[in-house]
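Chemist: Structure below; questions to follow.
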Amino acid sequence: MLSPFHAPLFVLAALIGAIWLLAVVQRVQEIATRRIHPQALINAQTTASMLKNGAAMDNFNNLMEMPLLFGLLCLLLAQLQVQSGWLLAGAWLYVGLRVVHSLIQVSYKRVMHRFPVWVASCVVLWGLWMRAAWVVWG
């Protein structure tokens, strides 16, 4: 059975897929253009030092961190069949903030624009978890 909490989760998964594809395309293009032997990129440290355009891969890695807690929350709320407009609105707000964060990171890369968006997304996520705990146990 589909829950309203599945939709923001699917949108976030689509964002992650798009960023992954962008990261792979950029990485393969740079390796080919600069004629870097793939074996030279044996670990994260050498890869970071050799490749110049790592923003998309950095963003992809970032999307593997805090959004994991978001996915768990959405699945939990769906499993428990929670009906909460506040939680659903917060879930969409979280996804929107992650989209904005990704767009900043892979386009013009201004840290002082990206950081507040990231902090806001984290605050929203922790707020969602607190509200969910209240709804489930309150």
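Chemist: Pick out, in residue order, every one of the trypsin sites (Lys or Arg not before Pro) in the range 108-138 that is DSSP loop and has at most 14 other C-beta atoms within 10 Å; say none if there are none. Working shown, then result.
Modeler: On the way: sites: LYS109, ARG110, ARG114, ARG131; in loops: LYS109, ARG110.
Sparse-neighbourhood loop trypsin sites (Lys or Arg not before Pro): LYS109, ARG110.
Chemist: Just flag the chymotrypsin sites (Phe, Trp or Tyr not before Pro) in the range 21-128 sitting in loop per DSSP whose Cβ has no more than 16 other Cβ atoms within 10 Å.
Modeler: Answer in residue order: TYR108.
Chemist: Here's something else I'd like to know. Averaged over all directions, how much area does the convex hull of the C-alpha atoms of the chain cover when projected, in nm²?
Modeler: Mean orientational projected area (the chain, Cα hull): 9.4 nm².
Chemist: Could I ask something else about it? Per-residue ellipticity at 222 nm for the chain, helices alone: DSSP H runs ≥ 4 residues times -39500 (n - 2.57), over residue total, nearest 500 deg cm²/dmol? Before the final figure, lay out the partial values.
Modeler: Working: 6 runs with 107 residues, N = 138.
It lands at -26000 deg cm²/dmol.
Chemist: If R0 is 41 Å, what FRET efficiency do you get for ALA89 and GLN29 from their C-beta distance, rounded to 0.05?
Modeler: Efficiency, rounded to the nearest 0.05: 0.55.
Chemist: Between VAL119, PHE70, VAL24, whose Cα lies farthest towards the positive end of the dipole of the range 15-138 when Lys and Arg beta carbons carry +1 and Asp and Glu beta carbons carry -1, centred on the Cα centre?
Modeler: Sorting the options by dipole projection puts first VAL24.
Chemist: I would also like to ask the following. Mind checking the full-extension length gain between LEU72 and ALA133? Use 0.36 nm per residue of separation minus the Cα-Cα distance, one decimal, nm.
Modeler: 20.7 nm
Chemist: So, one more: When the chain is treated as a GNM, springs tying every alpha-carbon pair under 10 Å, which of PRO116, PRO67, PRO38 comes out with the largest mean-square fluctuation?
Modeler: Most flexible of the set in this elastic network: PRO38.
Chemist: Hey, another quick one. Sort SER49, SER84 by heavy-atom solvent-accessible area, probe 1.4 angstrom, most to least.
Modeler: Correct descending sequence by accessible area is SER49, SER84.
Chemist: Using the Cα atoms of the range 13-57, I'd like the radius of gyration and the largest Cα-Cα distance, Dmax, both in angstrom.
Modeler: Computed over the Cα atoms of the range 13-57, radius of gyration and Dmax are 11.0, 32 Å.
Chemist: Does anyone have the angle between helix 66-79 and the longest principal axis of the chain? Alpha-carbon axes, 0 to 90°, nearest 10?
Modeler: That helix lies at roughly 30 degrees to the long axis.
Chemist: Using the beta-carbon distance between ALA14 and ALA120 and R0 = 22 Å, what value does 1/(1 + (r/R0)^6) give for FRET efficiency, to the nearest 0.05?
Modeler: E(calc), rounded to 0.05, equals 0.55.
Chemist: Given +1 on the Cβ of Lys and Arg, -1 on the Cβ of Asp and Glu, and no further charges, what dipole in debye does the range 1-110 carry about its Cα centre, rounded to the nearest 20?
Modeler: 380
Chemist: Something else now. Which whole-Hz couplings ³J(HN,Hα) result when phi for each residue of the range 117-124 is put into the Karplus expression 6.51 cos²θ - 1.76 cosθ + 1.60, θ = phi - 60°, listed in order with x for Gly and Pro?
Modeler: Couplings: 5, 4, 4, 4, 5, 5, 4, 4 Hz.
Chemist: What is the distance in Å between the Cα centres of the range 43-57 and the range 93-138?
Modeler: The two parts, judged by their Cα centres, are 25 Å apart.
Chemist: Would you work out what percent of the accessible area of the chain, with all protein chains in place, is carbon or sulfur (probe 1.4 Å)? Let's see the in-between values first.
Modeler: Working: 5940 of 8490 Å².
Carbon and sulfur together cover 70 percent of it.
Chemist: Please compute the per residue accessible area over the range 12-138 with all protein chains in place, 1.4 Å probe, rounded to a whole number of Å².
Modeler: 61
The values are calculated or read from the model by the stated rules, or taken from the named source; none is laboratory data. It should be emphasised that the depicted structure is a prediction, and the values quoted were computed from it without experimental measurement. Here the Cβ is made from the backbone with ideal geometry for all residues, glycine too, and neighbour counts use every protein chain on show. Ligands, DNA and RNA are excluded from the accessible area calculation, which covers all protein heavy atoms including side chains. Shrake-Rupley method; radii C 1.70, N 1.55, O 1.52, S 1.80 Å.
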